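Asker: Pasting a structure here, questions to come.
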Amino acid sequence: TKGDNRVWAYDTATSQIDLSYDDSLVSNPPLTGVDNIMGAGSGDLYVAEDGGNLEICIIAREGTVAPFLRVDGQSSSEITGPAFNPAGNRLYFSSQRGTTGSSSGGITYEVTGPFRA
């Protein structure tokens, strides 16, 4: 949830909600500024930071949390909209304000896999 840096997981089979990540429970948390979240077919969660150090982090299905990628040189921006293509081998995301920091300076990136299946 935005504002408290927590990520929750909902199990549709059991109708149960569990806490997947809470930055206050980790020393030197790898993920801060929790914002956009995308679930992959592998069960991994890709979480974009709003602030933090402009990373997309992975919360692996096993519970490990680690940075996946970082955007440098765009400190006035934020990462938005991570999404996979239907085949699951290309990840797209945007830097909302890019290198200029202006509302018209956005950049969309494509990262090719393979990614975990």
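The values are calculated or read from the model by the stated rules, or taken from the named source; none is laboratory data. Computed from a predicted model, the values in this text were never measured in an experiment. As a convention, Cβ positions derive from the backbone with ideal geometry for all residues, glycine included, and neighbour counts pool all protein chains shown.
Asker: Residues that are exposed (fewer than 12 other Cβ atoms within 10 Å of the Cβ) and among the β-branched types (Val, Ile, Thr), at least 1 per element: which strands (runs of 3 or more DSSP E) completely within the stretch 1-116 meet that?
Answerer: 16-22, 107-112
Asker: Still on this structure, I have one more. Six or more apart or on different chains, Cβ under 6 Å: which pairs go from a residue in the stretch 67-87 that's under 19 Å from Ser104 (Cα atoms) and touching a residue at least 12 places away in the same chain (Cβ under 8 Å) to one that's part of a loop (DSSP other than H, G, I, E, B) and of a type in the set (Asp, Glu)? Could you list them?
Answerer: Glu78/Asp50
Asker: Shifting gears a bit: Which condition number in (1) modelled with pLDDT under 90; (2) under 19 Å from Arg70 (Cα atoms) is the one that Pro30 fails?
Answerer: Every condition holds for Pro30 apart from (1).
Asker: Next question. Cβ-Cβ below 6 Å, separation at least six or inter-chain, first residue in the stretch 28-41 and farther than 19 Å from Gly113 by Cβ, second assigned to a loop (DSSP other than H, G, I, E, B) and polar (S, T, N, Q): which pairs?
Answerer: From residues that are farther than 19 Å from Gly113 by Cβ, the pairs are Thr32/Asn5; Val34/Asn5.
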